[in-house]
Amino acid sequence: MPPVDTGASATTMRADASLSPSPDSNSRLRPGDPGFRRMSLALFAAGVATFALLYSTQALLPAISGGLGVSPDQASWTVSAATGGLALAVVPVSALSERFGRRATMTGALCVAALIGLLVPFAPGLGWLVALRAVQGAALAGVPASAMAYLAEEVRPKALVGAVGLFVAGNAIGGMSGRILAGWVAQAWGWRAGLAAVGALAVVCAVAFRLLIPKARHFTPGSLAPRALARTLGGHLADPLLVRLYAIGALFMTVFGAVYTVIGYRLAGQPFSLPQGVVGSVFLVYLVGTASSATAGKLVGRLGRRGALYLAMGTTTAGLLLSLADSLLSVLLGLVLITAGFFAGHAVASSSVSRTAQTGRAQASALYQTAYYTGSSVGGMAGALAFRAGGWSGTVVLGLTAMVAAASITLYATRQALRERRAGRATAHA
């Protein structure tokens with residue numbers, strides 16, 4: 001699966017080289033291997049825990065607003081603090097992954113975040129709740145970048161997109177199950193009990209991950225020297241291919257963060273007036289994300305990388321427009337399209353980063369995660385402010401603006417690729 005074209009021939013040559021079998025490629029995991037199944041289940045559990053914890057307050061925002069007496073944009077900080085903490089910590093934590101290993105970093109991250117999840121329900125007020133959520137997000141930073149680097153090192157190149165898709169599918173299941181569990185428990189016993197239930201789920205997932213994850217066979221420890229890290233990060237940020245992928249991931253997540261931060265308020269208010277448990281069940285829509293991310297590899301095989309991204313953006317845009325109608329069915333169908341488009345776009349962009357980086361894969365993935373979760377934080381806060389100023393229509397306008405920007409980046413890459421092909425043909429005929 002070739003990376004998104006950027007018009008830079010050197011980058012293209014390097015990406016092509018990354019797809020060539022390495023001397024140890026036959027020892028890497030592939031579908032059908034027992035180790036591949038264990039790895040998939042382990043990373044699926046890690047994805048469940050990560051997204052369940054990271055967005056544990058999102059479905060409970062109306063209840064938190066009522067319980068603590070705060071506005072929607074103030075309550076949204078409980079989500080944005082977690083994603084912001086992850087965005088700030090993911091690069092330095094990924095450096096630990098390069099030195100101490102992917103498996104150890106992910107295990108430590110899950111354990112610390114799960115334990116904090118058991119403390120979060122006891123926060124006495126909004127300030128403490130936001131602070132604990134920020135620390136929890138920073139702890140979770142060890143999972144996403146390390147997972148992508150682990151997959152790039154341990155899985156055969158042709159199976160990488162599918163493996164990343166399964167990890168993203170675990171994210172979708174975690175986001176769904178955490179919100180549904182929290183919603184129904186909160187309806188019966190309050191929002192604090194809902195958060196406690198998510199913390200208990202994360203503990204189970206952390207134990208399952210540690211028992212299942214295979215030992216890394218292709219990891220080579222790197223240096224923790226700040227200068228070496230700065231050189232690696234600088235090299236990635238100088239690569240136009242990676243920068244565009246980072247931007248696309250951030251823009252997709254801006255839409256997703258805005259929509260799912262605000263949707264609870266819309267469904268709990270007029271004209272729908274749904275109870276907390278039913279609002280949480282709306283996140284069953286995440287099952288669509290599981291399917292779309294797991295099939296991202298097939299989608300790219302049929303449409304190409306840019307074609308898959310265009311389809312994901314178009315699907316997300318259609319969902320935003322459909323959700324404007326004051327019909328519960330239209331809103332739910334809109335959420336289905338938004339979710340399918342987001343997870344497909346994220347799977348394509350994140351797998352491209354893992355396959356493009358030749359050195360410092362954890363840092364390359366960490367920069368993607370930084371952009372991605374920054375998009376989530378910005379989307380959550382901006383979406384809540386837009387909702388306060390203009391209702392659901394304001395949130396939709398924000399999402400449409402982000403999708404136009406993402407499409408513009410991809411269109412520019414398409415034009416660059418066409419120019420490069422024409423220049424190549426002209427050289428061949430000269």
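The values are calculated or read from the model by the stated rules, or taken from the named source; none is laboratory data. Because the structure is predicted, anything quoted here is derived from the model rather than measured. When we count neighbours, we look across all protein chains shown, and the Cβ atoms used for this are built from the backbone with ideal geometry, even at glycine. Areas reflect the complete protein model, heavy atoms only, side chains present, ligands, DNA and RNA absent. Shrake-Rupley method; radii C 1.70, N 1.55, O 1.52, S 1.80 Å.
VAL91 - would you say it is surrounded by fewer than 21 Cβ atoms within 10 Å (Cβ to Cβ) and of a type in the set (Val, Ile, Thr)?
Numbers: surrounded by fewer than 21 Cβ atoms within 10 Å (Cβ to Cβ): yes; of a type in the set (Val, Ile, Thr): yes.
Criteria met by VAL91.
Confirm whether ALA308 is farther than 13 Å from VAL259 by Cα, in contact with a helix residue (DSSP H, G or I) (Cβ under 6 Å, 6 or more places away or on another chain) and either at pLDDT 95 or above or not in a helix (DSSP H, G or I) (or both). Spell out how you get there, then give the answer.
Working: farther than 13 Å from VAL259 by Cα: yes; in contact with a helix residue (DSSP H, G or I) (Cβ under 6 Å, 6 or more places away or on another chain): yes; either at pLDDT 95 or above or not in a helix (DSSP H, G or I) (or both): no.
The answer is no for ALA308.
Of all residues in the stretch 317-345, how many are assigned to a loop (DSSP other than H, G, I, E, B) and without any contact (Cβ under 8 Å) to a residue 60 or more places away in the chain?
Taking the stretch 317-345 first, the residues assigned to a loop (DSSP other than H, G, I, E, B) are 323-327.
Right, trim to without any contact (Cβ under 8 Å) to a residue 60 or more places away in the chain and you get 325-327.
Total meeting the criteria: 3.
Scan SER80, SER94, SER56 and give me the residue that is under 17 Å from the mean Cα position of the chain (by Cα), in a loop (DSSP other than H, G, I, E, B) and either more than 17 Å from GLY174 (Cβ to Cβ) or not basic (Lys, Arg) (or both). Walk me through how you get there before you give the answer.
Details: SER80 fails: in a loop (DSSP other than H, G, I, E, B); SER94 fails: in a loop (DSSP other than H, G, I, E, B).
Among SER80, SER94, SER56, only SER56 is under 17 Å from the mean Cα position of the chain (by Cα), in a loop (DSSP other than H, G, I, E, B) and either more than 17 Å from GLY174 (Cβ to Cβ) or not basic (Lys, Arg) (or both).
From the list SER281, SER273, SER293, exactly one residue is buried (at least 24 other Cβ atoms within 10 Å of the Cβ), within 27 Å of ARG179 (Cβ to Cβ) and out of contact with any strand residue (DSSP E or B) (no Cβ under 8 Å at 6 or more places or on another chain). Which is it? Reasoning before the result, please.
On the way: SER281 fails: buried (at least 24 other Cβ atoms within 10 Å of the Cβ); SER273 fails: buried (at least 24 other Cβ atoms within 10 Å of the Cβ).
Only one candidate passes the filter, namely SER293.
In the stretch 105-131, which residues are among the hydrophobic types (A, V, I, L, M, F, W, C) and either outside any helix (DSSP H, G or I) or open to solvent by 60 Å² or more (accessible area, probe 1.4 Å) (or both)? Break it down into steps so the answer makes sense when it comes.
Initially, the stretch 105-131 is screened for residues among the hydrophobic types (A, V, I, L, M, F, W, C), giving 106, 109-116, 118-120, 122-123, 126, 128-131.
Within the stretch 105-131, CYS111, VAL112, LEU115, LEU118, LEU119, PHE122, ALA123, TRP128 meet the criteria.
Which of the residues spanning the stretch 326-349 are open to solvent by less than 10 Å² (accessible area, probe 1.4 Å) and either closer than 15 Å to LEU274 by Cα or of a type in the set (Ser, Thr, Tyr) (or both)?
Hits for the stretch 326-349 are VAL331, THR339.
Taking PRO124 and the conditions (1) farther than 27 Å from VAL93 by Cα; (2) in contact (Cβ under 8 Å) with a residue 60 or more places away in the chain, which numbered condition does it fall short on, given that it satisfies the others?
The number of the failed condition is (2).
Please work out which one of (1) buried (at least 24 other Cβ atoms within 10 Å of the Cβ); (2) small (Gly, Ala, Ser); (3) within 19 Å of the chain's Cα centre (by Cα); (4) under 19 Å from VAL198 (Cβ atoms) is the condition ALA75 fails and give its number.
(3)
Considering the stretch 94-103 alone, what residues qualify as being among the hydrophobic types (A, V, I, L, M, F, W, C) and open to solvent by less than 60 Å² (accessible area, probe 1.4 Å)? Can you show your working first?
If we filter the stretch 94-103 for residues that are among the hydrophobic types (A, V, I, L, M, F, W, C), which is where we start, we get 95-96, 100.
Hit for the stretch 94-103 is ALA95, nothing else.
Quick grid of which residues meet (1) under 18 Å from the mean Cα position of the chain (by Cα); (2) open to solvent by 10 Å² or more (accessible area, probe 1.4 Å):
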position	(1), (2)
SER352	yes, no
ARG355	yes, yes
ARG361	yes, yes
GLY379	yes, no
PHE387	no, yes
GLY394	no, yes
LEU398	no, yes
ALA405	no, yes
ARG415	no, yes
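Taking the stated definitions as given, is THR107 under 21 Å from the mean Cα position of the chain (by Cα) and under 26 Å from GLY391 (Cβ atoms)? Working first, answer last.
Working: under 21 Å from the mean Cα position of the chain (by Cα): yes; under 26 Å from GLY391 (Cβ atoms): no.
Here the answer is no, as THR107 does not meet what is asked.
Only one of ALA134, ALA182 is open to solvent by 10 Å² or more (accessible area, probe 1.4 Å) and either part of a helix (DSSP H, G or I) or within 28 Å of ALA357 (Cα to Cα) (or both). Can you tell me which?
Working: ALA182 fails: open to solvent by 10 Å² or more (accessible area, probe 1.4 Å).
From the options ALA134, ALA182, the qualifying one is ALA134.
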